[in-house]
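Nothing in this text is a laboratory measurement; each read-out follows from the coordinates by a stated rule. Predicted, not measured: the structure shown is a model, and the values here were computed from it. Here the Cβ positions follow ideal geometry from the backbone for every residue, glycine too, while neighbour counts run over all protein chains shown.
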Amino acid sequence: MKFYTRQRRLPAVIIVSLIDILAILLIFVIVTTTFRRDQPEVVIKLPEARSAVAVPAASEPMVLTISEKEEIFLDRKPVALEELKHALGAELAATPGRSLAINADTKAPFGLIIKVLDILKASGIQNIPAFMEKK
C-alpha cells in the first residue's frame, strides 16, 4: 500500500512587516528618551536658605565646588588650594567678564571655605554668589 505524503513547505517570514515594526519601535524609543544635561562629577549637599532666589545668568558662571572631603574643583576640574589663584587667573584671562559662583557642601570645612574666599578676593573677584537649596 502506498501512502500519499505531502511535501512540506518552508515557513515564510515576511521581513518587510518586521522592519516596519522595528522602525516604529525605534521612533518610539527616540521620542520618549529624555536627554540629560551634564551630570555633576562631585556630589555635594547644598545648604538650605529661606531667602534663596533664583537669578537668571547672562552667561554660565565659573563654578568653584568645594566637597566635604576638602577637594576643590574649578569648572569640574580638580585644583589644589595652592594652584587656585593661578587657575583663576588663567580662566579669567581666557574669558574676561565671566562671573564666578561658589558651590560648597554643607559638611565642607569652614576654614577651607574662608581660605578659598581669601584667594578669590586676592584675585580681584568681588561679587561671589553661592549656590543653595530653597527650603
Which number gives the lysine pairs in the chain that have C-alpha atoms under 17 Å apart and are eight or more places apart or on different chains? 11
Can you show me the helix-derived [θ] at 222 nm for the chain, built from DSSP H runs with n ≥ 4 at -39,500 (n - 2.57) apiece and divided by the number of residues, rounded to the nearest 500. -10000 deg cm²/dmol
Looking only at 23, 122, 104, which one moves most when the chain is put into a Gaussian network model with springs between Cα atoms under 10 Å? 23
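Which is the longest part of the chain that has none of the GluC sites (Glu not before Pro) sitting in a DSSP loop with at most 13 other Cβ atoms within 10 Å?
The reported range is 71-135.
Let's see if you can work this out: charge +1 on each Lys and Arg Cβ, -1 on each Asp and Glu Cβ, no other charges. What is the dipole magnitude of the chain about its Cα centre, in debye to the nearest 20? The partial results should precede the final answer.
Details: 18 positive and 15 negative charges, 237 e Å.
Computed charge dipole of the chain: roughly 1140 debye.
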Let me make sure I get this right: for segment 48-134, a, b and c are the square roots of the gyration tensor eigenvalues over alpha carbons, sorted descending. Under 1.5 in a/c it's rounded, otherwise prolate if a/b > b/c, else oblate. Which is it? oblate
With springs only between Cα atoms under 10 Å apart, run a GNM on the chain and tell me which of 17, 51, 123 wobbles the most. 17
Taking +1 at the Cβ of each Lys and Arg and -1 at the Cβ of each Asp and Glu, which of 34, 64, 109 sits farthest along the dipole of the chain towards its positive end, judged by Cα position relative to the Cα centre? 34
Amide H contacts of residue 99 (H built 1.01 Å from N, under 5 Å, at least 5 apart or other chain): 62
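Please give me the summed charge of the neighbours of residue 110: other residues whose Cβ is under 13 Å from its Cβ, Lys and Arg +1, Asp and Glu -1. Don't jump to the answer; show the numbers that get you there.
Working: positive: 107, 115; negative: 68, 70, 105, 118.
That sum, taken over residues with Cβ under 13 Å, equals -2.
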